[in-house]
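Okay, structure first, notes after.
Rule-based calculations on the coordinates, nothing more; no lab input. Since we're looking at a predicted model, the values are computed, not measured. Virtual Cβ from ideal backbone geometry, glycine too; neighbours counted across all protein chains shown.
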Amino acid sequence: MKRTMIGFCLGASCGILLLAGLGAWAGYTHGTGWTGHPALPQSEAAFIWALGYTAYFWWLAVGVGGIIGGLAGLGSWLVRPQTLR
């Protein structure tokens, strides 16, 4: 159970980071061209879009990343408990 929870937390964290990275990429490359507002500097637009993506879709990233991480924690050969000999 401990491995599953660790996997869930790591998967959720990776999901949030991936979502923020996707938002930053979208903001950096497209800026505010999609919204019709005056153009912002690329770094500022990347920050705003990353924050917006994370604010609106955090639940999806946590859910998907957590499920994948939890399942990996359940049956991954990389995290098998070590037996003492």
- Query: If you look at just the Cα atoms of region 2-76, how large are its Rg and its Dmax in Å?
  - Reply: 15.3, 50
- Fewest to most neighbouring Cβ within 10 Å: what's the order for 8, 57? 57, 8
- Extended-chain gain in nm, criterion 0.36 nm per residue less alpha-carbon gap, residue 13 and residue 55: 13.7 nm
